[in-house]
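Heads up: the structure comes next, in structure tokens.
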């Protein structure tokens, strides 16, 4: 804490990069060398210092909110709840229209998962995308708080990973069943409804799936909070 500002920021970003690398090694089995991790911290710090402090303060003061999609597009939020010890997972999703009204929601539970990466893809693929395709939805915004999901769908870097088969199926589904699909990363606060549905699914018997037309009562309060945030 006694370092000068730039050095202090570099050390902080190095620790963050180290933590991020630890998560990637645990979830994907991939790792970079210590020198690569060390060299990454310097450009991160430089870019951070170039950003006006007034702009940073303005962004920090804004409370993250779920945002409605454009008219004619539906938004899908999904999440997975993985437990390392038991290797099982609950997943959940919610599809809402431009008014914030729930069109479809779902939750489920699976056993014998590989890792948290696997769980996130089950949340996005096993129920949500397949259900959206069955509904005949053509224009979809997918929102997730797992950056690995977007990265895997936007590149071929993960095709040889343990969940490469699921990724390939998702890419094929997106290419054949949807005319337009945008995938974005959201703050975990904005993904609260899907997270709660994933926690609900974790309490199901293994293999059980529940689909609701509209909002299940377990997440009605969170839905109300999201709608209130849209109008502020």
Residue 126: passes all of (1) touching a strand residue (DSSP E or B) at 6+ places or on another chain (Cβ under 8 Å); (2) outside any loop (DSSP other than H, G, I, E, B); (3) modelled with pLDDT of 75 or more but (3)
Can residue 97 be described as in contact with a helix residue (DSSP H, G or I) (Cβ under 8 Å, 6 or more places away or on another chain) and at pLDDT 70 or above? no
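Does residue 171 satisfy the condition of being at negative phi, surrounded by 12 or more Cβ atoms within 10 Å (Cβ to Cβ) and without any contact (Cβ under 8 Å) to a residue 24 or more places away in the chain? Write out each step before concluding.
Values: at negative phi: yes; surrounded by 12 or more Cβ atoms within 10 Å (Cβ to Cβ): yes; without any contact (Cβ under 8 Å) to a residue 24 or more places away in the chain: yes.
In short, yes.
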| field | residue 114 in a loop (DSSP other than H, G, I, E, B) and surrounded by 14 or more Cβ atoms within 10 Å (Cβ to Cβ) | value | yes
Exercise. Is it the case that residue 196 is touching a residue at least 12 places away in the same chain (Cβ under 8 Å), outside any helix (DSSP H, G or I), assigned by TED's automatic domain parsing to the domain that holds residue 104 and under 15 Å from the mean Cα position of the chain (by Cα)?
Worked result: no
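With respect to residue 89, determine if the residue is under 16 Å from residue 199 (Cβ atoms), at pLDDT 75 or above, surrounded by 23 or more Cβ atoms within 10 Å (Cβ to Cβ) and touching a strand residue (DSSP E or B) at 6+ places or on another chain (Cβ under 8 Å). First the steps, then the outcome.
Numbers: under 16 Å from residue 199 (Cβ atoms): yes; at pLDDT 75 or above: yes; surrounded by 23 or more Cβ atoms within 10 Å (Cβ to Cβ): yes; touching a strand residue (DSSP E or B) at 6+ places or on another chain (Cβ under 8 Å): yes.
Answer is yes for this residue.
With respect to residue 215, determine if the residue is under 14 Å from residue 94 (Cα atoms) and modelled with pLDDT of 85 or more. Show your work before the answer.
Working: under 14 Å from residue 94 (Cα atoms): yes; modelled with pLDDT of 85 or more: yes.
For residue 215, the condition - under 14 Å from residue 94 (Cα atoms) and modelled with pLDDT of 85 or more - is met.
Among the residues that make up the stretch 145-166, is at least one of them part of a helix (DSSP H, G or I), out of contact with any strand residue (DSSP E or B) (no Cβ under 8 Å at 6 or more places or on another chain) and closer than 25 Å to residue 216 by Cβ? I'd like the intermediate steps shown before the answer.
At the first step, the residues of the stretch 145-166 found to be part of a helix (DSSP H, G or I) are 147-154, 164-166.
Cutting the leftovers down to out of contact with any strand residue (DSSP E or B) (no Cβ under 8 Å at 6 or more places or on another chain) gives us 148, 151-152, 164-166.
Pick out the ones that are also closer than 25 Å to residue 216 by Cβ and you get none.
No, because not a single residue in the stretch 145-166 is part of a helix (DSSP H, G or I), out of contact with any strand residue (DSSP E or B) (no Cβ under 8 Å at 6 or more places or on another chain) and closer than 25 Å to residue 216 by Cβ.
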Of the conditions (1) closer than 13 Å to residue 76 by Cα; (2) under 12 Å from the mean Cα position of the chain (by Cα), the single one that residue 98 does not satisfy is (2)
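The values are calculated or read from the model by the stated rules, or taken from the named source; none is laboratory data. The shown structure was predicted, so the numbers you read here are calculated from the model rather than taken from an experiment. Cβ: placed from backbone, ideal geometry, glycine included. Neighbour counts: every protein chain shown.
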